[in-house]
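Student: Take this structure first; my questions come after.
Every number in this text was worked out from the coordinates using simple rules, so none of it is lab data. Please read these numbers as outputs of a predicted model, since none were measured by experiment. With ideal geometry, Cβ positions are generated from the backbone for all residues, glycine too; neighbour counts draw on all protein chains shown.
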2 protein chains.
Amino acid sequence: MKSLFLLLAAPVLLAQSGQKFAELRNLRLESGQTLAACRVGYRTYGKLNTAGTNAILWPTWFSGKTDQLEGFLGPGKMVDTGKFYVITVDALGNGVSCSPSNTPGTFPAITIKDMVDSEYRLLTEQLGVKSLHAVMGISMGGMQTFQWMVAYPGFVRRAVPIVGSAKLTSADLLLWQAELSAIEAVQKAGGDPRTAMPAVLAMHEFALSTPQHEVNKTPAAGFPALLQTLQENARTGMDPRDWAAQLRAMMAHDVTKPFGGSMEKAGAAVHAKVLAVVALQDHMVNPASALQMAETAGFEVLRLTGDCGHGAPGCESAKMNAAVAEFLARP
Amino acid sequence: MKSLFLLLAAPVLLAQSGQKFAELRNLRLESGQTLAACRVGYRTYGKLNTAGTNAILWPTWFSGKTDQLEGFLGPGKMVDTGKFYVITVDALGNGVSCSPSNTPGTFPAITIKDMVDSEYRLLTEQLGVKSLHAVMGISMGGMQTFQWMVAYPGFVRRAVPIVGSAKLTSADLLLWQAELSAIEAVQKAGGDPRTAMPAVLAMHEFALSTPQHEVNKTPAAGFPALLQTLQENARTGMDPRDWAAQLRAMMAHDVTKPFGGSMEKAGAAVHAKVLAVVALQDHMVNPASALQMAETAGFEVLRLTGDCGHGAPGCESAKMNAAVAEFLARP
């Protein structure tokens with residue numbers, strides 16, 4: 001599906017890399033179940049230096065694929081691929097990596113921690129990466145970044161969660177529950193879950209920016225065209241079973257879980273230097289827990305303040321790109 | 001369904017009135033179709049004075065019923081029933097007045113204008129009301145209030161649309177389309193449309209306030225209880241066919257339609273003195289068109305500024321009630 005974040009893609013100097021795959025055997029899941037075989041999609045840019053100190057991991061956002069991240073990468077871009085060895089990874093359940101839609105039989109429930117574990121195994125077992133200069137990601141990629149900080153603290157020197165969160169709030173849960181319930185209702189009625197996607201994508205679009213931004217962007221007379229685009233995306237976009245799997249993963253996300261629910265203890269477990277990018281008017285991923293963890297653990301915070309909501313990293317890209325590039329360039 | 005606006009209901013001095021009904025014959029609809037018989041529910045408070053100058057009409061909000069308005073009415077309340085003769089009306093499609101759920105066969109599409117026309121006929125044919133001191137309403141009641149101003153300009157001396165709108169924006173349309181699509185998807189799959197209501201009510205709850213307000217009101221640990229309440233409301237609340245009928249009515253709402261789309265011309269048609277109450281952070285009924293019409297036609301505007309969103313009339317009731325009471329009391 002087309003994403004707001006594609007706004008960041010410039011027509012020239014676009015980094016490009018072919019889709020690669022790693023086959024992970026016996027991927028142990030947080031639930032206790034094991035995936036006997038899980039293919040993980042990824043792409044790489046630049047080269048790992050001799051000391052092995054310049055690797056950056058960037059997992060995908062909700063419903064996203066690695067090709068959508070290429071606009072951020074390149075010489076002179078936010079992440080300088082002349083300097084860094086960048087590995088972008090298709091998060092589990094995105095339809096490229098192992099997912100309900102490409103796995104015969106029943107696909108087990110996955111979590112954000114499972115995505116992170118699959119990425120750790122990809123790096124250490126397949127790519128010879130022994131530590132990360134940085135882990136970063138947008139939205140659900142930012143959730144994975146928060147999870148990385150506490151799950152593999154010794155492995156990560158810097159972390160840049162962008163419009164991500166450390167744990168979901170009731171507002172996030174309401175939104176994802178609405179989308180999930182719409183899919184489940186059609187499944188329960190014996191219908192094709194894809195027919196639920198027009199409702200799901202309308203909700204998603206509603207929450208992606210702020211109403212004010214939507215009103216300014218789309219006059220009421222333009223609504224039929226917007227609706228047509230959503231319906232086309234509903235027909236051709238992400239498989240609703242994958243959509244639901246990633247929704248459930250986000251809904252269970254809470255980095256304080258292994259710390260008895262304590263944000264202080266979770267924050268204390270982090271070794272990485274962190275720049276948390278939050279959008280104060282974000283209606284899709286509430287910034288409350290990111291700000292709370294930043295305050296308790298002393299992270300740097302970049303506040304995006306405009307009315308683009310969750311799309312702020314696109315709308316305020318100049319401000320964000322400069323801050324992130326500077327943060328990554330520090331020794 | 002329980003509504004935020006019930007917060008305004010005080011435990012004492014509550015105005016109470018029994019449910020009444022008027023039978024309207026041959027109600028001509030905006031579509032050109034005619035409803036051979038349409039029962040309209042209403043309640044009355046206070047007494048029409050001899051000069052017939054003290055009547056106030058108050059139609060219900062989306063999915064609301066007249067009993068939910070009683071908290072605003074009474075001696076010393078926002079609308080003083082010692083002084084005014086108040087008629088609250090169940091808007092068409094609300095399950096009390098004629099609606100898909102209580103009409104055999106196919107129920108025709110209804111509009112906000114149809115609601116207004118049914119109210120006009122109730123007042124003039126059944127209650128002997130020849131003009132209104134004021135028409136007022138909240139949310140979809142505010143939409144009806146805007147429609148009243150332009151449809152029966154000579155009949156209305158004052159108008160108080162509260163978090164209503166003159167025409168929908170793309171943001172409103174996205175929200176209602178999401179809810180409507182969720183119901184339609186289940187219907188298309190041959191399921192009971194009521195099974196779509198958990199998704200619809202989660203979406204509705206998400207947009208009713210702002211995420212910030214929701215986060216402060218409901219900690220993440222309280223989400224399961226909130227979800228249970230929504231699921232109970234989904235089982236027992238408004239019939240989804242009525243929900244869809246009122247959604248479609250709102251989605252077609254545009255007071256500029258008879259004026260070639262001109263807000264200036266629509267505003268010029270208004271004779272009433274108007275106090276438009278808007279919530280600047282409203283995520284459910286965008287205030288843009290109310291503000292635009294107010295500016296072009298010189299309405300007074302009361303701005304509610306807090307983070308309660310569409311629930312601001314409840315959260316900022318002290319401010320609102322005083323302003324509305326003062327406006328209504330002017331000669």
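Student: Nearest 500 deg cm²/dmol is fine: what mean residue ellipticity at 222 nm does the protein assembly as shown get from its DSSP H runs of n ≥ 4 alone, each adding -39,500 (n - 2.57), divided by its residue count?
Tutor: -11000 deg cm²/dmol
Student: Then there's this: Ordered shortest first, which distances in nm separate the 7 Å Cα→C-beta label point of B:Q16 from those of the other copies?
Tutor: Ordered by increasing distance: 7.6 nm.
Student: Something else: Starting from the Cα of A:K188, draw a straight line to each of the lysines and keep only those under 19 Å, dropping any in the same chain fewer than 8 residues away.
Tutor: Those lysines meeting the cut-off are B:K188.
Student: Follow-up. With a 10 Å radius around each residue's Cβ, average the other Cβ atoms per peptide and rank B:273-285, A:66-78, highest first.
Tutor: B:273-285, A:66-78
Student: Additional query: Taking each residue of A:208-214 in turn, how many C-beta atoms of other protein chains fall within 10 Å of its C-beta, and what is the average?
Tutor: Whole-number average of other-chain Cβ neighbours for A:208-214 is 6.
Student: Using the Karplus equation 6.51 cos²θ - 1.76 cosθ + 1.60 (θ = phi - 60°), what ³J(HN,Hα) coupling, rounded to whole Hz, does each residue of the range B:38-48 give in order, writing x for Gly and Pro?
Tutor: With the stated coefficients, the range B:38-48 comes to 9, 7, 10, x, 7, 9, 10, 9, x, 10, 5 Hz.
Student: Based on the alpha-carbon gyration tensor of the range B:245-331 and its eigenvalue square roots a ≥ b ≥ c, which shape applies: rounded if a/c is under 1.5, prolate if not and a/b is larger than b/c, or oblate?
Tutor: oblate
Student: Measuring nothing but label to label, 7 Å from Cα along Cα→Cβ, what are A:K83's distances to the other copies in nm, shortest first?
Tutor: 6.9
Student: Still on this structure, please answer the following. So if the hydrodynamic radius of the protein assembly as shown is defined as the Kirkwood radius over C-alpha pairs, what does Stokes-Einstein give as its diffusion coefficient at 20 °C and 1.002 mPa s, in µm² per second?
Tutor: In µm²/s, the coefficient is 81.
Student: Principal axis extents for the range B:1-151, Cα atoms only, whole Å, descending order, please.
Tutor: Largest to smallest, the principal-axis extents are 44, 37, 27 Å.
Student: Right, here's the next one. Report the Cα-based extents of the range A:172-247 along its three principal axes, largest first, to the nearest Å.
Tutor: Here the spans come out as 37, 25, 18 Å, largest first.
Student: Let me spell out the model: positive unit charges on the Cβ of Lys and Arg, negative unit charges on the Cβ of Asp and Glu, origin at the Cα centre of the range B:172-247. What dipole size does that give, in debye rounded to 20?
Tutor: The calculation lands at about 140 debye.
Student: What list of whole percents do you get for P(r) of chain B, with Cα-Cα distances grouped in 10 Å bins up to the one holding the largest distance?
Tutor: The distribution over chain B is 6, 27, 37, 24, 6, 0, given as percents.
Student: Once phi is turned into ³J(HN,Hα) by the Karplus curve 6.51 cos²θ - 1.76 cosθ + 1.60 with θ = phi - 60°, what whole-Hz value does each residue of the range A:300-317 show in order, with x for glycine and proline?
Tutor: These are the phi-based 3J(HN,Hα) values: 6, 10, 10, 9, 8, 10, x, 8, 6, x, 5, x, 4, x, x, 5, 10, 5 Hz.
Student: Charges only on Cβ, +1 for Lys and Arg, -1 for Asp and Glu: so what's the dipole of the range A:34-100 about the Cα centre, in debye to the nearest 20?
Tutor: 100 debye
Student: Output the direction-averaged projected area (hull surface divided by four) of the convex hull of the alpha-carbon atoms of the range A:150-288, in nm².
Tutor: If I average the Cα hull's projected area over directions, I get 10.3 nm².
Student: So for the range A:73-204, averaging the separation of alpha carbon pairs under 8 Å that are six or more residues apart and normalising by length, what relative contact order in percent results?
Tutor: The normalised contact order for the range A:73-204 reaches 14 percent.
Student: Quick one: net charge of A:P258's neighbours, Cβ under 13 Å, K/R +1, D/E -1?
Tutor: +2
Student: Separate question: Once you list every other residue whose beta carbon is under 11 Å from the beta carbon of B:A202, what net charge do they have if Lys and Arg are +1 and Asp and Glu are -1?
Tutor: Around B:A202, the charge tally is -3.
Student: Can you give the Rg to Rh ratio of the range A:224-267, both from alpha-carbon atoms, with Rh computed by the Kirkwood formula?
Tutor: That ratio equals 1.33.
Student: Return the average number of partner chain Cβ atoms within 10 angstrom of each residue Cβ along peptide B:216-222.
Tutor: Per residue, the average neighbour count from other chains is 4.
Student: Just how many % of Cα pairs in the range A:61-147 lie over 15 Å apart, if you round to the nearest whole percent?
Tutor: Result for the distance tail: 62 percent.
Student: Determine, for each peptide in B:206-217, B:293-304, the mean count of other beta carbons within 10 angstrom over its residues, then list the peptides with the highest first.
Tutor: Top to bottom by mean Cβ count within 10 Å: B:206-217, B:293-304.
Student: Kindly give the distances from A:G32 to its copy-mates, label point to label point, with each label point 7 Å from Cα along Cα→Cβ, as nm values to one decimal ordered shortest first.
Tutor: 6.5
Student: Pull up all non-local amide H partners of B:E300: gap of 5 or more, or a different chain, and H-to-H distance under 5 Å with H placed in the peptide plane.
Tutor: B:V274, B:A276
Student: What is the Å³ per residue value for the convex hull set by the Cα atoms of the range B:152-208?
Tutor: 123 Å³
Student: Quantify how strongly other chains surround peptide B:223-232 by giving the mean number of their Cβ atoms within 10 Å of each of its Cβ atoms.
Tutor: Other-chain Cβ atoms within 10 Å of each residue's Cβ, averaged: 2.
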